[in-house]
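To start, the structure itself, in structure tokens.
Every number here is computed from the coordinates shown, using simple stated rules; none is lab data. Treat the numbers as computed from the prediction; the structure is a model and nothing was measured. Here the Cβ positions follow ideal geometry from the backbone for every residue, glycine too, while neighbour counts run over all protein chains shown.
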Amino acid sequence: MVDAQQPAGYPRNRRGYSGTTGPGRRGIAVNGRGLGIIWLTFGIALLLTILPLPEWARPLRPQWVTLVLLYWCLALPHRISVGTGFVLGLLLDVLTGTLLGQHALTLSLVSYITVQLHARIRVFPLWQQALVVLVLLTMEQILAFWVMAIVGLRPPGLEYWAIPLIGALLWPWAFVTLRNVRRHFKVT
């Protein structure tokens, strides 16, 4: 039986309908499956960002939110992109007490570049992805440094520039962990 609204040549499920595949849908799930899991991982990253650390470790805190955002931009660029980066940036600004919009600007730019290059980055092995992450995290730090300089804040010390390196070293672990979460909960 052929459905009058379904063009020929599109795959059908056992009931005869194409489900999420069809003209204009490109095989993307439109049911919002896993959105709660994605935001839960962002919430955990935000909590890790504000988690109290010893005085000596505070300047070396990894950019957890950026790492999680990078993963989801690479894994699901059709669902997580610039708008998500902007919202997360505003949340991060409020939680950390920084200038409102500072992290929104940097995370928006990082997510934009990641979404634009996701097809290339995804095929890299993890160590090359870590190098790309190092570049993106360094770019985020440079933008944040630039905003701090414009506002007139005191420049940070040398440990400020070690944060992207720490994030790049954590990338393989973060990637594998988030990929396992995505597969376990079938986030599409």
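Each Lys and Arg adds +1 at its Cβ and each Asp and Glu adds -1 at its Cβ; summed about the Cα centre, the range 35-184 shows a dipole of about 460 debye.
Scoring 175-182, 104-111, 69-76 by mean Cβ neighbours within 10 Å over their residues and listing the highest first yields 69-76, 104-111, 175-182. Across the range 35-184, Cα pairs under 8 Å and at least six residues apart give a relative contact order of 26 percent.
Which residues does a label at Arg179 reach in the range 84-127, if reach means a backbone N under 20 Å from a point 7 Å past the Cα toward the Cβ? What the label zone holds, given the 20 Å backbone N cut-off, is 114-127. Under 16 Å from the 7 Å Cα→Cβ point of Leu40, by amide nitrogen: which residues of the range 173-187? Counting only backbone N, you get 177-187.
Gain in length, Leu100 to Trp127, computed as 0.36 nm per residue apart minus the alpha-carbon separation, to one decimal in nm?
Working it through step by step, the gained length comes to 6.3 nm.
Using a 7 Å offset from Cα along Cα-Cβ at Ile50, what residues in the range 134-167 end up with backbone N under 18 Å from the label point? Counting backbone N atoms under 18 Å from the label point, the list is empty.
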